Structure formats: C-alpha cells, structure tokens
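This report concerns only the one structure given below.
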Amino acid sequence: MRMSSKEIAILGIMLGLSLMLEVIPIEMPTVWGMRIDLVAVPVIMAYLLTDFMGGLTAIFLLFVGLSLISPTSWLGGFMKASATLPVLLGLEVARRVIRFNFEEADGRKLITFGVLAYLLGIAIRIPLMVAFNYYFAIQMFLGIPHGRVVQTVEEWTHVPFWVAIGLPNAIQTVIDVFVSLAVTLPVLRRLPHLLG
C-alpha cells in the first residue's frame, strides 16, 4: 500500500500531537497505573481523516513513539496501542455496517455511527484489556506475582477485577470515539479537501 503525501503529513501531525499529549499529559490516573487521557485521540483522528490502513499505521507509530518517550517504555506503548486497536476496529466495522461517510452524514447518522463504534469497541477492548492486565501487564508494571494480581487490584479498588479494568477502559473508549469525532468534524467542515 502506498500512501499519498497528504496521508503521510496527516499521520505525522497526529503522531506529534499524540506524543505531545503523552509528554504534557491531561490525564486521570487509576490505582494500578492505567491513565485515562487524550493520547489516542489524534490516532483515531488520523484514521477518520485517512482510512483503515492509515489508522493501523498510526497505531504502530504510536507504539514506537511511546516506547521511546514514555516513562513506562515499550510496555506502556504496547498497552496503549493494544487498547486503541479495538476502538479502530469498532469504528471500521460501524463505518461499513451503516455505510458512514462524513460527506453525507447528518446528526442522526453521526450519533448512530459513534454509538455503534463505541459498543463494538468496548466489546473487543474490555475482554482484551482484562486478559492482558491479568496475564502480564500488572505483574510487569507493579511487580506483583501472577497469583496475587486479582486479589491486589480488588483490595485497592473494592470492586471485582473485571470492573476495575473494564470501567476505566469503557470511559477511555468514550473519549477516544466521541472526542475524536467532535474534533474531526470541525476540521473537515473547514478543510473538506482533507478527505478528497
């Protein structure tokens, strides 16, 4: 697949914004280390402004960039990229199911697209993040033995393990989907040629 110079420029700008949001964070930390933040928003915008392959490329570049600059190194980059991929998949499936495109979208279709993308995204993201956190991420981040991961997280949060992991990921997906859509729409209204 060959990218146009416009797509390369969009990916470069959005990756730069993502990494800037990592370095100058606007975030809400959780007990075990996940942060609810805006880092993935430019990556999702890159997908909305290019296409599915552009989105996948942006996720890969996010992983590489975060691996280099994040205090959590490659593991933080891997977890953020892995958590963003289901959002991208949810958006792509929703786009195909309702045949969504920005040029013809009215308010109702945009809301339908966003809600369907959100539901599909969390249907993939939450089980994936519960599994990744249970099997290796929390152990590696916090040095907790595998057999104590669930107990430790439940003692800290006072909710079941899957809720402790799932709820912040559900909140993060709201941000990833709806903030990305809310920011992308005005950009496209002012610069409609970006999709052309």
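Some observations on this one:
- The set of residues in region 19-59 that are part of a helix (DSSP H, G or I), closer than 30 Å to VAL149 by Cα and within 12 Å of the chain's Cα centre (by Cα) comprises VAL41, ILE59.
- Selection of helices (runs of 4 or more DSSP H) fully inside region 121-189 by the criterion of at least 3 residues being surrounded by fewer than 16 Cβ atoms within 10 Å (Cβ to Cβ) returns 149-157, 161-174.
- Considering (1) within 29 Å of PHE161 (Cα to Cα); (2) in contact with a Phe, Trp or Tyr (Cβ under 8 Å, 6 or more places away or on another chain); (3) modelled with pLDDT under 95; (4) among the small types (Gly, Ala, Ser), the lone condition that ALA105 does not fulfil carries the number (1).
- From ASP51, ASP37, residue being of a type in the set (Asp, Glu) and over 26 Å from ILE138 (Cα atoms): ASP51
- Residue list for region 90-120, filter: of a type outside the set (Val, Ile, Thr), more than 21 Å from MET53 (Cα to Cα) and either over 15 Å from the mean Cα position of the chain (by Cα) or not in a helix (DSSP H, G or I) (or both): GLU104, ALA105, ASP106, GLY107, ARG108, LYS109, LEU110
- If you filter region 70-105 down to residues that are farther than 18 Å from VAL41 by Cα and among the β-branched types (Val, Ile, Thr), you find that the one that is surrounded by the most Cβ atoms within 10 Å (Cβ to Cβ) is THR72.
- The single condition from (1) in contact with a Phe, Trp or Tyr (Cβ under 6 Å, 6 or more places away or on another chain); (2) within 22 Å of ASP37 (Cβ to Cβ) that TYR118 fails is (1).
- Residue in region 54-62 that is crowded, with 23+ Cβ neighbours inside 10 Å, in contact with a Gly (Cβ under 9 Å, 6 or more places away or on another chain) and more than 23 Å from VAL23 (Cβ to Cβ) present: no
- Residue match in region 104-112 (condition: closer than 21 Å to ILE59 by Cβ and touching a residue at least 24 places away in the same chain (Cβ under 8 Å)): no
- Tabulated pairs, region 68-97, first in contact (Cβ under 8 Å) with a residue 24 or more places away in the chain, second crowded, with 18+ Cβ neighbours inside 10 Å and of a type in the set (Asp, Glu), C-beta under 7 angstrom, 6+ apart or interchain: ILE69/GLU22; SER70/GLU22; THR84/ASP176; VAL87/ASP176
- Hits in region 127-164 - residues which are touching an Asp or Glu at 6+ places or on another chain (Cβ under 9 Å) and touching a residue at least 12 places away in the same chain (Cβ under 8 Å): PHE161, ALA164
The values are calculated or read from the model by the stated rules, or taken from the named source; none is laboratory data. What you are looking at is a predicted structure, and each value in this text was computed from that prediction instead of being measured. Positions of Cβ are backbone-derived with ideal geometry, glycine not excepted, and every protein chain shown enters the neighbour counts.
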